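J.: Pasting a structure below so you can have a look.
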Amino acid sequence: MKKCLSGIKPTGRLTLGNYIGAIRQFVQLQDEYEMYIFIANLHAITELQNSKDLKQNTKDLIALYLACGLDPEKVTLFLQSDVHEHAELGWVMTCNSYMGELSRMTQYKDKQQKQEKNITAGLFTYPALMAADILLYDADVVPVGVDQKQHVELCRNLAQRFNNAFGETFVVPEPVVPKVGAKIMALQDPTKKMSKSDGNPKSCIDLLDEPAVARKKIMSAVTDSVGVIQFDPENQPGIANLLTIESSLTGKSIEELVAEFDGKGYGDLKKAVGETVFNFLTDLQAKYKEIVASDLIQKTVTDGAQKASYVARKKVTKVKRKLGLELYR
Ligand code: TYM
């Protein structure tokens with residue numbers, strides 16, 4: 001069975017973008033692949049976190065993974081910090097990366113261009129840790145939103161570089177980006193990605209937003225003055241974004257939706273999307289509440305850590321042997 005791995009950082013609350021770009025794909029792929037899904041909490045600490053918030057966000061993320069439909073019987077679901085091999089192979093991958101290639105990663109470049117203060121060394125090297133996350137499990141595919149594709153490309157290069165130097169060790173993974181919904185845009189500025197860290201809460205739908213509040217956010221989404229409902233991300237990014245959200249949550253194609261809304265106004269589209277999001281969040285949050293009240297979270301991550309550690313340990317032993325870090329094996 002082919003293998004699939006992905007993860008999400010537990011910083012801030014999960015957004016509709018995380019669901020549509022990432023989690024929705026995980027759920028679709030769980031029957032086809034041997035699947036590893038984790039909470040990237042070592043990535044979270046590349047920026048200063050309040051420890052209480054980090055714990056809460058981590059629990060919420062596990063509960064939401066489960067509420068969205070990940071089945072712990074099929075998927076190995078775990079905390080990155082529970083499997084110390086991530087940090088260990090992360091160091092190996094840091095040593096296998098060049099300063100130049102890490103400097104070209106957009107997340108770092110953006111922060112540097114904005115002249116943000118106190119960019120940590122961890123933030124600079126984190127794509128190397130991300131490569132280790134993927135390579136530990138021999139992942140063939142890595143489902144991500146478009147913003148993470150560059151990191152998976154780097155991981156491919158690092159895997160090939162290591163294999164060339166030390167012989168076949170790592171599977172070279174493929175990024176999998178959804179055809180629709182790889183980049184959900186901010187509702188108040190549809191030229192920017194919807195993000196947990198957006199300063200304007202009206203731009204972003206949290207998966208734990210009150211459904212009625214989320215509906216209001218959709219109703220006040222920025223559109224344009226063209227007045228025709230068509231899929232034109234370049235000239236009508238707000239409308240394209242609403243069509244993408246509707247298509248992703250209902251399973252209808254963009255073409256079907258454009259035909260359905262032919263001759264109708266923006267208000268009709270917003271009402272429909274608002275209703276879809278309202279219903280989606282209502283169902284999701286009912287499941288989330290049930291999960292939070294049960295002992296499923298603890299059981300899931302305890303079992304997950306055990307399964308993931310077993311696989312990761314074997315890979316790290318192999319890598320250490322190849323590098324000459326194991327004296328007697
Ligand atoms: P993170 O936590 O920023 O995002 C998690 C996933 O959600 C996707 N995503 C979006 N997709 C569509 N539209 C959006 N507006 C949107 N916002 C976020 C992201 O593309 C991502 O797939 N470094 C990673 C976490 C990570 C990881 C890994 C992922 C660590 N190790 C190994 C895959 C494999 C991150 O910060 O994602």
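The values are calculated or read from the model by the stated rules, or taken from the named source; none is laboratory data. What you see is a predicted model, and the numbers here were worked out from it, not measured in a lab. Neighbour counts are summed over all protein chains in view; Cβ atoms, including those assigned to glycine, are modelled from backbone coordinates with ideal geometry.
J.: Do we find that A139 is part of a loop (DSSP other than H, G, I, E, B), under 18 Å from the mean Cα position of the chain (by Cα) and within 10 Å of the ligand (Cβ to nearest atom) in this structure?
T.: Here the answer is yes, as A139 does meet what is asked.
J.: Anything in the stretch 129-178 that is aromatic (F, W, Y) and touching a strand residue (DSSP E or B) at 6+ places or on another chain (Cβ under 9 Å)? List them, or say none.
T.: The answer is Y137, and nothing else.
J.: Here's something else I'd like to know. Just give me the residues in the stretch 125-161 being β-branched (V, I, T) and more than 19 Å from V177 (Cα to Cα), in sequence order.
T.: T125
J.: Here's another thing I want to ask about it. Those residues that are among the aliphatic types (A, V, I, L, M), more than 10 Å from the ligand (Cβ to nearest atom) and part of a helix (DSSP H, G or I), I need them from the stretch 95-134; list them, please.
T.: Correct list: M99, L102, A121, L123, A128.
J.: Now a separate question. Residues that are in contact with a Leu (Cβ under 6 Å, 6 or more places away or on another chain): find the helices (runs of 4 or more DSSP H) completely inside the stretch 241-329 holding 3 or more of those.
T.: Hits in the stretch 241-329: 266-293, 296-323.
J.: Still on this structure: If you take the residues in the stretch 14-48 that are more than 9 Å from the ligand (Cβ to nearest atom) and assigned to a helix (DSSP H, G or I), which one is surrounded by the most Cβ atoms within 10 Å (Cβ to Cβ)?
T.: F26
J.: Follow-up. Out of T317, T300, T282, report the one residue that is polar (S, T, N, Q), surrounded by 13 or more Cβ atoms within 10 Å (Cβ to Cβ) and in contact with a helix residue (DSSP H, G or I) (Cβ under 6 Å, 6 or more places away or on another chain).
T.: Result of the check over T317, T300, T282: T282.
J.: Of A159, A212, A240, which residue is within 15 Å of the ligand (Cβ to nearest atom) and farther than 30 Å from E101 by Cβ?
T.: When all the criteria are applied, what remains is A240.
J.: Moving to a separate point now. For residues in the stretch 109-126 being among the hydrophobic types (A, V, I, L, M, F, W, C) and either surrounded by 12 or more Cβ atoms within 10 Å (Cβ to Cβ) or closer than 23 Å to M194 by Cα (or both), which is farthest from the chain's Cα centre (by Cα)?
T.: Filtering the stretch 109-126 for residues that are among the hydrophobic types (A, V, I, L, M, F, W, C) and either surrounded by 12 or more Cβ atoms within 10 Å (Cβ to Cβ) or closer than 23 Å to M194 by Cα (or both), the one farthest from the chain's Cα centre (by Cα) comes out as I119.
J.: Give me the residue from the stretch 177-202 that is outside any loop (DSSP other than H, G, I, E, B) and either near the ligand (Cβ under 10 Å from one of its atoms) or loosely packed, with under 14 Cβ neighbours inside 10 Å (or both) and, out of that set, modelled with the highest pLDDT.
T.: Filtering first and then ranking leaves M185.
J.: Step by step: first the residues of the stretch 1-13, then only those that are more than 6 Å from the ligand (Cβ to nearest atom) and either aromatic (F, W, Y) or surrounded by fewer than 24 Cβ atoms within 10 Å (Cβ to Cβ) (or both), then the one that is farthest from V273 (Cα to Cα). Which residue is that?
T.: The extreme case among them is M1.
J.: Since L61 meets every condition but one in (1) surrounded by 21 or more Cβ atoms within 10 Å (Cβ to Cβ); (2) touching a helix residue (DSSP H, G or I) at 6+ places or on another chain (Cβ under 8 Å), which condition does it not meet?
T.: (2)
J.: Taking interchain pairs and intrachain pairs at least six residues apart, which have beta carbon atoms under 7 angstrom, with the first residue in the stretch 256-267 and over 15 Å from I245 (Cβ atoms) and the second not in a helix (DSSP H, G or I)?
T.: Partner pairs satisfying both residue conditions: K264/I229.
J.: So, one more: Here are Y310, Y288: which of them is out of contact with any Pro (no Cβ under 6 Å at 6 or more places or on another chain), aromatic (F, W, Y), crowded, with 19+ Cβ neighbours inside 10 Å and within 25 Å of L66 (Cβ to Cβ)?
T.: Just one listed residue meets the conditions, Y288.
J.: Residue check, L77 against (1) within 15 Å of the ligand (Cβ to nearest atom); (2) within 21 Å of K3 (Cβ to Cβ); (3) assigned to a helix (DSSP H, G or I); (4) not basic (K, R), all met but one. Which one?
T.: Of everything listed in (1) within 15 Å of the ligand (Cβ to nearest atom); (2) within 21 Å of K3 (Cβ to Cβ); (3) assigned to a helix (DSSP H, G or I); (4) not basic (K, R), L77 misses just condition (3).
J.: Can you name the residue in the stretch 203-213 that is surrounded by fewer than 21 Cβ atoms within 10 Å (Cβ to Cβ) and among the aliphatic types (A, V, I, L, M) and, of all such residues, is farthest from A272 (Cα to Cα)?
T.: Looking at the filtered set, the residue picked out is L208.
Results for (1) over 21 Å from the mean Cα position of the chain (by Cα); (2) buried (at least 19 other Cβ atoms within 10 Å of the Cβ), shown as yes or no for each residue.
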| position | (1), (2) |
| --- | --- |
| A67 | no, yes |
| F78 | no, yes |
| W91 | yes, no |
| Y98 | yes, no |
| Q107 | no, no |
| A128 | no, yes |
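J.: In the stretch 293-311, which residues are farther than 12 Å from I39 by Cα and hydrophobic (A, V, I, L, M, F, W, C)?
T.: A293, L296, I297, A308, V311
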